[in-house]
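Novice: Let me give you the structure first, and then I'll get to my questions.
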Amino acid sequence: MAKSASTSRAASRKRPSVRALRGTVFVTRQVHFNAAHRLHNPTKSAAWNVEKFGLCNNPRWHGHNYVLEVTVAGEPDPETGYLLDLGGLKGLLEERIVRVCDHRNLNEEVPFLRDVIPSTENLVIAFWHELEPHIKNGRLHSVKLYETPRNFAEYRGPAAAA
Ligand SMILES: [Zn+2]
């Protein structure tokens, strides 16, 4: 009895501890924006553009409700259990992408898309380059953009295998 009581007093004096788990995790934040665009290659004829882009070549524009998902990869911090502050990632996406693209004409109003055909494919590459230098915790893994619920493109950076 005496021994057991002394063991339990020793346990209660022990400093609290946390156990860090190792492993690469993928953390995603989703944001939305609405924007207008036109798929058009000004170096080609009107007929070529209509043939390639159809309704998306409409000179009077059309719009999409875009959904953007950005994924960062890395190991959780042993002190917080977090890979990153999701509020910080949300702020970065709002500042770099939503603020400049939401309710805008992607062809005419977004400086980093100047002279780019704003296809979903080109948008994910452009968004990657806007975001990647600002990811401080973990590394940017994926930029996925839904133009419609069934049509989306994903970019995993210049180093990703083709
Ligand atoms: Zn479109």
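The values are calculated or read from the model by the stated rules, or taken from the named source; none is laboratory data. These figures come from a predicted structure and were not determined experimentally. Every residue, glycine among them, receives a Cβ derived from its backbone with ideal geometry; neighbour counts consider all protein chains shown.
Novice: Look at Val116 and say whether it is touching an Asp or Glu at 6+ places or on another chain (Cβ under 7 Å) and among the β-branched types (Val, Ile, Thr).
Specialist: Spelling it out, it is not the case that Val116 is touching an Asp or Glu at 6+ places or on another chain (Cβ under 7 Å) and among the β-branched types (Val, Ile, Thr).
Novice: Just one of (1) at pLDDT 95 or above; (2) touching a strand residue (DSSP E or B) at 6+ places or on another chain (Cβ under 9 Å); (3) exposed (fewer than 10 other Cβ atoms within 10 Å of the Cβ) trips up Leu55, so point out which.
Specialist: Looking at each condition in turn, Leu55 falls short on (1).
Novice: Could you please let me know if Tyr82 is among the hydroxyl-bearing types (Ser, Thr, Tyr) and not in a strand (DSSP E or B)?
Specialist: Yes; evaluated as a whole, the condition is true for this residue.
Novice: Counting just the residues of the range 24-66 that are in a loop (DSSP other than H, G, I, E, B) and under 30 Å from Leu89 (Cβ atoms), which one comes out farthest from the ligand (Cβ to nearest atom)?
Specialist: Here the residue is Thr24.
Novice: What number goes with the only condition from (1) outside any loop (DSSP other than H, G, I, E, B); (2) surrounded by fewer than 18 Cβ atoms within 10 Å (Cβ to Cβ); (3) among the β-branched types (Val, Ile, Thr) that Val70 does not pass?
Specialist: Here Val70 meets the rest and fails (2).
Novice: Out of all the residues in the range 90-103, is one or more closer than 20 Å to Leu39 by Cβ, surrounded by 13 or more Cβ atoms within 10 Å (Cβ to Cβ), modelled with pLDDT of 95 or more and within 15 Å of the ligand (Cβ to nearest atom)?
Specialist: Scanning the range 90-103 turns up at least one residue that is closer than 20 Å to Leu39 by Cβ, surrounded by 13 or more Cβ atoms within 10 Å (Cβ to Cβ), modelled with pLDDT of 95 or more and within 15 Å of the ligand (Cβ to nearest atom).
Novice: On to the next question. For Val124, are the conditions met, namely being part of a helix (DSSP H, G or I) and within 16 Å of the ligand (Cβ to nearest atom)?
Specialist: Yes, satisfied.
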